[in-house]
1. Of all residues in the stretch A:312-354, which are over 20 Å from A:His117 (Cα atoms), part of a loop (DSSP other than H, G, I, E, B) and within 14 Å of chain B (Cβ to nearest Cβ)?
2. Which condition from (1) surrounded by fewer than 21 Cβ atoms within 10 Å (Cβ to Cβ); (2) more than 7 Å from chain A (Cβ to nearest Cβ) is the one that B:Ala86 breaks?
3. If you take the residues of the stretch A:94-121 that are at the interface with another protein chain (Cβ under 8 Å from one of its Cβ atoms) and farther than 18 Å from A:Gln317 by Cβ, which of them is nearest to DNA strand C (Cβ to nearest atom)?
4. Take B:Leu357 and decide whether it is at pLDDT below 95 and not β-branched (Val, Ile, Thr).
5. I'd like to verify a number: residues in the stretch A:143-184 that are more than 9 Å from chain B (Cβ to nearest Cβ) and either over 26 Å from A:Met355 (Cβ atoms) or among the hydrophobic types (A, V, I, L, M, F, W, C) (or both), how many?
6. So which of B:Glu138, B:Glu122 is charged (D, E, K, R), under 22 Å from B:Phe343 (Cα atoms) and without any contact (Cβ under 8 Å) to a residue 24 or more places away in the chain?
7. The conditions are (1) surrounded by 14 or more Cβ atoms within 10 Å (Cβ to Cβ); (2) in contact with a strand residue (DSSP E or B) (Cβ under 8 Å, 6 or more places away or on another chain); (3) closer than 23 Å to B:Thr193 by Cβ, and B:Leu321 fails exactly one of them. Which is it?
8. Search the stretch B:57-83 for residues being within 6 Å of DNA strand C (Cβ to nearest atom) and free of Cβ contacts under 8 Å to residues at least 40 places away in the same chain, and hand back the single one that is surrounded by the fewest Cβ atoms within 10 Å (Cβ to Cβ).
2 protein chains.
Amino acid sequence: MFYLLIMLTYLGGKLSIYAHRKDVYNLLMPRTKQTTKTGIIAIAKVAGVAPSTVSRFFNNGQVSAKTRAKIEKAVEKTGYRPDARAASLRRGSTNRIGVILPDAGNPAYSIAMRVFHDQLREHGYSMVLGCTYGSVEEEHKLLQFMQQDHVDGIILYTCEGPQDKISHQMLKQLLDQKIPIVYVGKQNTLLPTDNLSVDNKLGIEKAVRYLKRIGRKHIAFLSGDTSNWAYQQRVESFKRAIKSLKLKTSPKSILAHGQSTVETGSALFPKLMEQAPRTDAIICSNDTMAIGAMYAAQQLGMKVPEDLAVIGFDDIQMASLVRPQLTTIRQPILDIAQQTCQFLLSRLSGDMASMALQSLLLEPELVVRESA
Amino acid sequence: MFYLLIMLTYLGGKLSIYAHRKDVYNLLMPRTKQTTKTGIIAIAKVAGVAPSTVSRFFNNGQVSAKTRAKIEKAVEKTGYRPDARAASLRRGSTNRIGVILPDAGNPAYSIAMRVFHDQLREHGYSMVLGCTYGSVEEEHKLLQFMQQDHVDGIILYTCEGPQDKISHQMLKQLLDQKIPIVYVGKQNTLLPTDNLSVDNKLGIEKAVRYLKRIGRKHIAFLSGDTSNWAYQQRVESFKRAIKSLKLKTSPKSILAHGQSTVETGSALFPKLMEQAPRTDAIICSNDTMAIGAMYAAQQLGMKVPEDLAVIGFDDIQMASLVRPQLTTIRQPILDIAQQTCQFLLSRLSGDMASMALQSLLLEPELVVRESA
DNA sequence: AATTAAACTGGAAACGATTCCAGTATTGTG
DNA sequence: CACAATACTGGAATCGTTTCCAGTTTAATT
């Protein structure tokens, strides 16, 4: 009788007389607890068991054959699949790994990325990808995003130099949250992260030394991505090597601009020849640029390697496919990628949480082919 | 007095006399409601406001200047960042897009992938990547995973042929959940998804026709990834073109094996010459294989294009970098990628939810360079 | 058959956000 | 100054899992 009255006044459009007091209102008009249409409690109901049991079913917990059958039938019928978001929220881990690299379009990185993808997937992780294009700000944003997304671990091909601190705070926070980070490309002495890198300085040195040995007098350097520390370092190493080998090179023989692509290489080379026409050898900050430059040289009527020796950096597959084949400073991309994954996975497996820091500095090797 | 007694008996090691009944026990020993150490309610407490207000603060809701300041201070102090998982659980959307492609290491795809990454990121989406390597089972698994992960949309470079049905059920389910899918690589006539593809048949036809025109008599075909429908289709189209142009080609001039890589191309070519020594032209199912085959031919002392004409498919950057430059069937990878994103983004923006199906079949173009 | 141990199941509290509502403070208007 | 409109804030429910306990069945053991 009482309820009926309420309903009527409510349906009438106003809920005044009996429900002007909040407590009364809430009592009589609770949030419409609508029956869940999806989710584990729905399917539990269908199967006639408790949600906790269904959860166990999906997580290799112990469930009797009978119950298992009931649940399987219900799953079959409803097409139910557990929601990974909810699970991860409750459980803590997402089984997601963040991978940050300068450029997924550059073969040097996309090959590494493939290794990451395969290995991570094999271990049940999925991979979210972010590209920085050499921008430290972007790197920072991506890290922040990945923190909020609660990835379980991060592979970071950083482009930050030792002087930059933009991401430092963020990384520290991530580490405090016990999120393992593998740092690729440079050693971060300030933070306890595993790291892998190739000795850029040594690589460039080898190249310069070689060019001197084969009698080149005017060596130039072409670089892109000046905001990316790895490339900066290569330029710096070049300057230092020149000095220590007592070669003379005007600042005009060092050009740095744009992205490190084939196009940039092609575009930069003519400029270089204008500024430093006596150039008889160039080193480029990576293979794609070197290939671009080499072709530009040929277009200008120069013979490689007779008139111009060309040396790249990375040893991507393309290097041995172009003609003349590119002489280059090889970094073992695949090995690095493989090892990077190993570092991360061992951290993730957890039993090695307190494992000592792993650090690897690889020695690059000069691969002499036809272009120098 | 009463409580004290309970505490004592509990501390004594047993909780028997007063707590042997479940309800009494639960009453006296509620789940330790430990103070939340992290999360929005923690920071709300620090700032002295309600969680709902903090939420508004982070979602551009209306918050007064005073409150805003309080929250900012608290955020500053605690380093709090909202948890994207929880938000997505409650709100429904994840701002995550799944991208599935055959091989992220293949330049044809990695270039497309870069486009996806950049455009999606620009619109606030992150990208999870999955590679199938031509396996329909893997494609299915990835789709299933992405469903559970509740991505907001999917870009799918499928490798399923029209006969396969493995993923059909899954895709239907996804579409029922209003998750937009853009289908790249073939038209799916059974499902209402936007789709883009290049006319493989026409492309191959053009190539065969051209080879006939320049007087080649014994044309062979090299393919990899036989499980990937796109590649299958190219082989089939080849057979059909041969027949319709009344050329004679023995089944021995068609080899298909392994992944479509440079290495496979190199490995397959000598076998081909054994089986069909009179071959004077080959078409490969993609550029990387073509490059591999071309170099293998040169290694065998054959001259390209004089002794052997080589035609690839895709027109990746490398095609114009190798010597001789590769003649190839060009598909406008960048345009396709761009358009794919547009399709997806317009679906996601929602106001076009009921928009008509978008379907695009692009015409490939034969780019004649030096190798044929 | 009587215990004891083991396997299994159910109930309810989290995880950390968002979102309705309903209040309260603040401003604007005549 | 009164009163309406508007801006702002707080409370509680909810998203869909997992997990801890306690309780209950089944199996093992002597």
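1. A:Leu321, A:Arg323, A:Pro324, A:Gln325, A:Leu326
2. Looking at each condition in turn, B:Ala86 falls short on (2).
3. Pass one, the stretch A:94-121, residues at the interface with another protein chain (Cβ under 8 Å from one of its Cβ atoms): A:94, A:96, A:103-105, A:107, A:110-111, A:113-114, A:117-118, A:121.
Now drop any that are not farther than 18 Å from A:Gln317 by Cβ, which leaves A:94, A:96, A:121.
Working: A:Thr94: 12, A:Arg96: 16, A:Arg121: 26 Å.
Ranking the qualifying residues of the stretch A:94-121, first place goes to A:Thr94.
4. Judged against the criteria, B:Leu357 is a match.
5. The total comes to 19.
6. B:Glu122
7. (3) is the only condition that B:Leu321 fails.
8. Taking the stretch B:57-83 first, the residues within 6 Å of DNA strand C (Cβ to nearest atom) are B:58-59, B:82-83.
Right, trim to free of Cβ contacts under 8 Å to residues at least 40 places away in the same chain and you get B:58-59.
On the way: B:Phe58: 15, B:Asn59: 11.
Only one residue fits best here, namely B:Asn59.
The values are calculated or read from the model by the stated rules, or taken from the named source; none is laboratory data. Predicted, not measured: the structure shown is a model, and the values here were computed from it. As a convention, Cβ positions derive from the backbone with ideal geometry for all residues, glycine included, and neighbour counts pool all protein chains shown.
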